[in-house]
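Working notes, beginning with the structure itself.
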Amino acid sequence: MRAKQVLLIVGGVISVGFGILGAFLPILPTTPFLLLAAFCFARSSDRMYDWLLGNRLIGEYLRRYYEGRGMSRRHKLTTITLLWGVLGISAMVWMGSWWMRAVLSVVGIAVTIHILSLPGAEDAQRS
């Protein structure tokens, strides 16, 4: 195994870890890390790439994202509701820190805009 291949696999594994953490931590984005992991695995290990896209928890999400099939309205609503719920709880934890609440708000707004800008599954089926 070449050094470049090993580095890409390690980078992919680390990215998957950060992506999973991002599902639970409001400051850490999930999608960019999972896309980075897919990029790393696609260039280093067919087995790891197939595992990632075949994973029952995140595989469908990545395949839909790559194929431009979008998110259903229900999935968007659920994602945004969970996002703001976790952000709200996090803001309560850092009640004395106005700058941390500001960062959480900016992250929440940016992620909400991104999710709403994704094509709806209904729109993707029509094209």
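The values are calculated or read from the model by the stated rules, or taken from the named source; none is laboratory data. If you're wondering where the values come from, they're calculated on a predicted model, not measured in any experiment. FYI the Cβ positions are ideal-geometry reconstructions off the backbone, even for glycines, and counts take in every protein chain you see.
From ARG47, ARG43, which residue is surrounded by 13 or more Cβ atoms within 10 Å (Cβ to Cβ), basic (Lys, Arg) and outside the structural domain of LEU82 (by TED's automatic domain parsing)?
ARG43
Conditions (1) surrounded by 13 or more Cβ atoms within 10 Å (Cβ to Cβ); (2) closer than 29 Å to TYR49 by Cβ; (3) of a type in the set (Asp, Glu), marked per residue:
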site	(1), (2), (3)
GLY59	yes, yes, no
ARG73	no, no, no
GLY85	no, no, no
ILE89	no, no, no
MET95	no, no, no
TRP98	no, no, no
VAL103	yes, no, no
ILE113	no, no, no
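Would you say SER15 is small (Gly, Ala, Ser) and either assigned by TED's automatic domain parsing to the domain that holds ILE115 or assigned to a loop (DSSP other than H, G, I, E, B) (or both)?
Here the answer is no, as SER15 does not meet what is asked.
Exactly one condition in (1) in contact with a helix residue (DSSP H, G or I) (Cβ under 6 Å, 6 or more places away or on another chain); (2) closer than 25 Å to VAL103 by Cβ; (3) part of a helix (DSSP H, G or I); (4) among the hydrophobic types (A, V, I, L, M, F, W, C) is not met by LEU28; state its number.
So the condition that LEU28 fails would be (3).
Mind listing just one residue for me: the one in region 1-29 that is free of Cβ contacts under 8 Å to residues at least 24 places away in the same chain and of a type in the set (Gly, Ala, Ser) and, of those, nearest to GLY85 (Cα to Cα)?
Per the stated criteria, the residue is ALA23.
Looking at region 63-103, which of the residues that are of a type in the set (Gly, Ala, Ser) and part of a helix (DSSP H, G or I) is nearest to the chain's Cα centre (by Cα)?
GLY85
If the requirement is being modelled with pLDDT under 90 and basic (Lys, Arg), which of these qualifies: ARG73, ARG43?
Sole residue among the options that is modelled with pLDDT under 90 and basic (Lys, Arg): ARG73.
Tell me, yes or no, whether region 65-86 has at least one residue that is of a type in the set (A, V, I, L, M) and farther than 22 Å from GLY120 by Cβ.
yes
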